[in-house]
Every structure is written in structure tokens, then in C-alpha cells.
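Working notes, beginning with the structure itself.
The values are calculated or read from the model by the stated rules, or taken from the named source; none is laboratory data. All figures in this text were calculated on a predicted structure; none of them were measured in a lab. In this analysis, Cβ positions are derived from the backbone assuming ideal geometry, glycine residues included, and neighbour counts consider all displayed protein chains.
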């Protein structure tokens, strides 16, 4: 009887089969499908947001700096400084092209500006030496600047 029962049980067992999965996760973090592109998208969004914040901060700092430069006091000081520089350059050019002087020199904010007039060639040799030692020489003809 046991054998018969065993045979009946063995013959009544059918092979197991599975149906399709009824539930799937939509989020790639859970399902694993498309996870790499999902992770890259999140990383890209975070990077773009950080860059946007940096640009906003820079724009605010630039606006503050521009506002500080546009005060009436700064406008006045810039105008005064320009006029002083214009007067210094006028005095130097007058000395260079006058009949009495043949040379001159001036130290201006660490830059040495010197000139020598050569009446035989009708040229003025202007030499500029900046604080780092770079030297610039300019030759200016004396009689060619007539209006």
C-alpha cells in the first residue's frame, strides 16, 4: 500500500511552471535596469546645480564690486587721477620738445622713464624700465609733429 500511495503521489505531481512577474519596480535603483544611466543623470543634475550656484555667487560679487566702483567718491578720484597723469605727461612732453632741455628722467610708480634728445638726428630716445627690469625704447622724431 505504501508503494501504491507513493506511485500515485509521484504520478500526480506535475512539473512546476511559473507565470510572468506581476510586479516590477519602476525605479532603476531598485530594479537595476538602466541604473548606470540613472546614476549619471543624477550626477549630471547635481553638477549643473553646483555650477549654477557658483555662477550666481560670482554674479553677486561682481555686482557688489561694480557698485563699489560707481560711487561718486570713486568717480571723483578716478577723474582726479586721470587729470594728474595727464598733467605729468604734458609736462614731460613739453620738456622733451622744448629747446632748452636735452635729457630728463622720472620715476613713476616703480617705472623709470628717461629721455635723451639727439639734435644731430632730430630724434628723442624715450626709455621705460618697469619694476621687473623689462626695458622698452621708443624713438620719436622731433620735427614731424606739426599741425
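How many of the residues making up region 78-99 are surrounded by fewer than 12 Cβ atoms within 10 Å (Cβ to Cβ) and modelled with pLDDT under 85?
The total comes to 2.
Conditions first: (1) touching a helix residue (DSSP H, G or I) at 6+ places or on another chain (Cβ under 8 Å); (2) exposed (fewer than 10 other Cβ atoms within 10 Å of the Cβ). Residue 137 passes all but one, so which condition is the exception?
(1)
Among the numbered conditions (1) part of a strand (DSSP E or B); (2) surrounded by fewer than 11 Cβ atoms within 10 Å (Cβ to Cβ), tell me where residue 131 comes up short.
So the condition that residue 131 fails would be (1).
How about region 100-116: which of its residues are assigned to a loop (DSSP other than H, G, I, E, B) and exposed (fewer than 12 other Cβ atoms within 10 Å of the Cβ)?
Correct list: 100, 109, 110.
Among the listed residues 96, 92, 45, which satisfies the condition of being on the phi < 0 side of the Ramachandran plot, in contact (Cβ under 8 Å) with a residue 40 or more places away in the chain and part of a helix (DSSP H, G or I)?
Result of the check over 96, 92, 45: 96.
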